[in-house]
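Read the structure below first, then the notes.
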Amino acid sequence: MILRLNIRSLPGPFLIVAPHPDDDVLGNGGLIQRAHAIGKTVYVVYVTAGDANGESVTHYLHKPLVPKSFIQLGYVRHFEAIKAENFLGTPKSLTDPIRNRVHPSPFTKLMRASYTFAYQRYAPYTHGSILRLVKSILQRTKPGTIFVTLKQDTNPDHAASHIIIHQAVRQMNIHPVIYSYLIHYPHYPNPTGLLQPPAQLRIPNVVSLPLTVRQTNRTREAYTIMRSQSSLGYYYYRWIRRNELYWRTPSG
Ligand SMILES: [Zn+2]
């Protein structure tokens, strides 16, 4: 029996941490709508530009797999994400792109955040730099509750985002409520019906947020706005269900 997540009881503002510009919609699209509906402030922060997706470069941009194309994808994904969040009710002013990776990108060949929209332009792609930027965002947004990808997520950017948030919170000695959401994991998501936690992660701290048909449809529409991802196939919509799962993780 999985308990329900009661978002009314969670302290605001909410900070959604998306390793790539689309994890916010896939993992938290319903939560974001519900939060706006009850007047919670929602900040969204994108950790990278999502500029490593070769499939998008080939099948959406129809460009060769060269650094320039990956950088173009970074710009496309940024503007799509802002539009999709806006559609879900998050004002543009509350979305921050850190656009910083932990390591130099083998795809764009960038060593630092050269995107014009980076939180701090030309910040180097190093662990120390991203930790400093995350702390600056936490300082500015003062989140009561943070939603970040789960440590066990098999995508390295997703696991790294989790670790960096926890490091920042620990070093700042702040104690927000932290929930994690899952995107990539073997045999996840389950093929149909409500999202179920994988057997290995079926731990007592997992909760489910039930959503209405309307909320689910709206999340799907928001995802459709992200054409560089959604146009690649229905496969990409498979996380959008009538519920979202969250794992409570101790902060600090
Ligand atoms: Zn991702």
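The values are calculated or read from the model by the stated rules, or taken from the named source; none is laboratory data. Just so it is clear, the model here is predicted, and its values are computed rather than measured. Neighbour counts are summed over all protein chains in view; Cβ atoms, including those assigned to glycine, are modelled from backbone coordinates with ideal geometry.
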Selection count, region 144-161, where residues are surrounded by 24 or more Cβ atoms within 10 Å (Cβ to Cβ), away from the ligand (no atom under 16 Å from the Cβ) and not in a strand (DSSP E or B): 0
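From the list Thr90, Thr48, which one is β-branched (Val, Ile, Thr), assigned to a loop (DSSP other than H, G, I, E, B) and within 16 Å of the ligand (Cβ to nearest atom)?
Numbers: Thr90 fails: within 16 Å of the ligand (Cβ to nearest atom).
Only one candidate qualifies: Thr48.
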Tally, over region 51-87, of residues that are among the charged types (D, E, K, R), within 16 Å of the ligand (Cβ to nearest atom) and closer than 17 Å to Asp24 by Cα: 4
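Can you report the number of residues in region 25-36 which are under 10 Å from Tyr181 (Cβ atoms) and either modelled with pLDDT under 95 or away from the ligand (no atom under 16 Å from the Cβ) (or both)?
Step one: list which residues in region 25-36 are under 10 Å from Tyr181 (Cβ atoms), which gives 26-28, 31.
Of the ones still in play, those that are also either modelled with pLDDT under 95 or away from the ligand (no atom under 16 Å from the Cβ) (or both) are 31.
Matching residues across region 25-36 total 1.
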Candidates Thr154, Thr141, filtered to the one that is in contact with a strand residue (DSSP E or B) (Cβ under 7 Å, 6 or more places away or on another chain) and closer than 30 Å to Arg8 by Cα: Thr141
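Would region 5-24 turn up any residue that is part of a loop (DSSP other than H, G, I, E, B), surrounded by fewer than 22 Cβ atoms within 10 Å (Cβ to Cβ) and within 16 Å of the ligand (Cβ to nearest atom)? Explain how you work it out, then say what you get.
We begin by selecting, within region 5-24, every residue part of a loop (DSSP other than H, G, I, E, B); these are 5-6, 10-13, 19-22.
With the extra rule that they be surrounded by fewer than 22 Cβ atoms within 10 Å (Cβ to Cβ), the set shrinks to 5-6, 10-13.
Cutting the leftovers down to within 16 Å of the ligand (Cβ to nearest atom) gives us none.
Within region 5-24, not a single residue is part of a loop (DSSP other than H, G, I, E, B), surrounded by fewer than 22 Cβ atoms within 10 Å (Cβ to Cβ) and within 16 Å of the ligand (Cβ to nearest atom).
Kindly indicate whether Ile38 is in contact with a Phe, Trp or Tyr (Cβ under 7 Å, 6 or more places away or on another chain), among the β-branched types (Val, Ile, Thr) and touching a residue at least 24 places away in the same chain (Cβ under 8 Å).
Numbers: in contact with a Phe, Trp or Tyr (Cβ under 7 Å, 6 or more places away or on another chain): no; among the β-branched types (Val, Ile, Thr): yes; touching a residue at least 24 places away in the same chain (Cβ under 8 Å): yes.
Criteria not met by Ile38.
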